[in-house]
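The values are calculated or read from the model by the stated rules, or taken from the named source; none is laboratory data. Everything numeric in this text was worked out from a predicted model, so none of it was measured. A quick note on method: Cβ atoms are made from the backbone with ideal geometry, for glycine too, and the neighbour counts reach across all protein chains shown.
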Amino acid sequence: MPTFWRHAFAILVLPGMVVVGIPCLLVTTLSGIDSRWGADAIIAWPARGVAVMLLISGLLLFAWCISLFVRVGRGTLAAWDATRNLVTVGPYARVRNPMISGVALMLLGESLFWGSWLLGLWACGFVVVNQLYFVLSEEPGLERRFGQAYRDYKARVARWIPHRRR
């Protein structure tokens, strides 16, 4: 499969479902139990302004990470077509999982834009599931694939929250 289609398929299946598919399903099928900003809610418009900034920031971070996976990693974000090279530049020099952070920012932005506690719960669940996945599966797999290079990277770079460089 040509490179463009490999990446498009991986994006459609993974973050596409997480950021678009599942939230659409949640807000349409469970709208009776979800919250929304009311037409007269004073906080709705400032909250939506913050939400748009979160959505744009998350999308830009996600796109940057994808471009690094293409150029540096020589692979996709999907486990079935993983990167061939360890990516440690750009946002990956500060945190080990910036792509997931970008997706989480987009989910938080969606929740805030709509005033939806259900989407906020989905965003929290996404973060918890990814924390478990990275600790139990992704990081051990990266250690097997990249060996000491990944162990050195892991010792130097935080998983989620950047810290000051020594």
Just name the residue that is nearest to A158 (Cα to Cα) out of those in region 72-87 that are surrounded by 18 or more Cβ atoms within 10 Å (Cβ to Cβ) and more than 13 Å from the chain's Cα centre (by Cα). V87
So, of the residues in region 141-166 that are within 20 Å of L14 (Cβ to Cβ) and within 20 Å of the chain's Cα centre (by Cα), which turns out to be surrounded by the most Cβ atoms within 10 Å (Cβ to Cβ)? L142
The residue that is nearest to the chain's Cα centre (by Cα), considering only those in region 88-140 that are of a type in the set (S, T, Y) and within 20 Å of D34 (Cβ to Cβ), is S111
So the helices (runs of 4 or more DSSP H) completely within region 65-166 holding 3 or more residues that are closer than 30 Å to A41 by Cα and either touching a residue at least 60 places away in the same chain (Cβ under 8 Å) or in contact with a Ser or Thr (Cβ under 6 Å, 6 or more places away or on another chain) (or both) are 98-114, 117-133
Out of P98, P91, which single residue is buried (at least 20 other Cβ atoms within 10 Å of the Cβ) and either closer than 24 Å to M17 by Cα or modelled with pLDDT of 95 or more (or both)? P98
Name the single residue, out of those in region 13-37 being in a loop (DSSP other than H, G, I, E, B) and of a type in the set (A, V, I, L, M, F, W, C), that is nearest to W114 (Cα to Cα). W37
